[in-house]
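One structure is given here, and the rest of the page talks about it.
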Amino acid sequence: MTEYCGLPLTIKTNPRAKRVLVKLVPGTGLVVVVPKGFRHRDVPPILDEKRGWIERTSATMEARGTDLSGRMPDLPDTIEFRASERVYQVNYLDRPGRITLTENGPRLMVRGPLEDKAAVLDALRKFTARKAREFILPRLDEMSRRLSMPYEALRVRRQKTRWGSCSGRGTLSVNAKLLFLPVELVDHLLLHELCHTEQLNHSARYWNLVAKHEPNFAQLEDDLKRGNQHVPGWFG
Ligand SMILES: [Zn+2]
């Protein structure tokens, strides 16, 4: 059995697993972790029991733009950073050696061994993370000054699920994927995290502080939850 409910199925044995675990993993599909010695032919009845959950959850994830097909995405011909309103036409040149990216106005030239698709995609994701930092840092600085909410440092990371976080020491971490979102959602995420420099929780006090600066915060929070729909499949 290699698929279930139209999803690619991977069965993994983990000697430390105490029981069978069924997971939906972005970019991979359905993953079943079984304890050592568990017979693979006993997996289907377990999946049948969980079929309702699998169907509901995969539908919700896919509606949010999560890829569960397990296929490696195609290399993009265009890259659109909605937040910064930048669109790149991407050209690829197949040659041996290291992968390099050259930016020339609205064009992005990728040179390298194109058969290593995973490495090319990784280079494009790193490029996106760099552009995200360039775009976000001045906006965050401006907002921080305007609202008199100082922060310690900014980290732009490629994360699977979270849009951002704020540490107790005032280091803000934001997801590089933000660059694909409408700019009002980027600004809202920055406001959300900056307010955590004063209230490191989601208490009523915290939300009052957010509301003071953004009365429409509830709608924006909702839109952020569905933000993955703006993220292209190749970014993952
Ligand atoms: Zn928060």
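Numbers below:
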{"quantity": "Flag for GLY168 being within 16 Å of the ligand (Cβ to nearest atom), under 19 Å from VAL231 (Cα atoms), in the same structural domain as TYR206 (by TED's automatic domain parsing) and in contact (Cβ under 8 Å) with a residue 24 or more places away in the chain", "calculated": "no"}
{"quantity": "Members of the range 40-76 that are modelled with pLDDT of 90 or more and touching a helix residue (DSSP H, G or I) at 6+ places or on another chain (Cβ under 9 Å)", "calculated": "LEU47, ILE54, LEU75, PRO76"}
{"quantity": "Those residues of the range 6-22 which are exposed (fewer than 14 other Cβ atoms within 10 Å of the Cβ) and either in contact with a Ser or Thr (Cβ under 9 Å, 6 or more places away or on another chain) or among the basic types (Lys, Arg) (or both), in sequence order", "calculated": "GLY6, LYS12, ARG16, LYS18, ARG19"}
{"quantity": "In the range 174-196, the residues that are within 11 Å of the ligand (Cβ to nearest atom) and under 15 Å from the mean Cα position of the chain (by Cα)", "calculated": "LEU189"}
{"quantity": "Subset of the range 168-188 (residues that are part of a loop (DSSP other than H, G, I, E, B) and touching a His at 6+ places or on another chain (Cβ under 9 Å))", "calculated": "GLY170, LEU181, PRO182"}
{"quantity": "Yes/no for VAL231 being of a type in the set (A, V, I, L, M) and at pLDDT below 95", "calculated": "yes"}
{"quantity": "Lone qualifier among SER84, SER69 - being farther than 14 Å from ARG125 by Cα, assigned by TED's automatic domain parsing to the domain that holds LYS131, in contact (Cβ under 8 Å) with a residue 24 or more places away in the chain and within 21 Å of the chain's Cα centre (by Cα)", "calculated": "SER84"}
{"quantity": "Filter result for the condition that a residue is within 24 Å of the chain's Cα centre (by Cα), closer than 19 Å to ASP122 by Cα and not acidic (Asp, Glu), over ILE54, ILE99", "calculated": "ILE99"}
{"quantity": "Residue, surrounded by the fewest Cβ atoms within 10 Å (Cβ to Cβ), within the range 150-165, restricted to residues that are in a loop (DSSP other than H, G, I, E, B) and more than 16 Å from the ligand (Cβ to nearest atom)", "calculated": "PRO150"}
{"quantity": "First in the range 173-188 and in the same structural domain as ILE136 (by TED's automatic domain parsing), second anywhere and of a type in the set (Phe, Trp, Tyr) and not in a helix (DSSP H, G or I), Cβ under 6 Å, 6 or more apart", "calculated": "ASN175/TRP163; LEU179/PHE81"}
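The values are calculated or read from the model by the stated rules, or taken from the named source; none is laboratory data. In this text the structure is predicted, and so the values were computed from the model without any measurement. In this analysis, Cβ positions are derived from the backbone assuming ideal geometry, glycine residues included, and neighbour counts consider all displayed protein chains.
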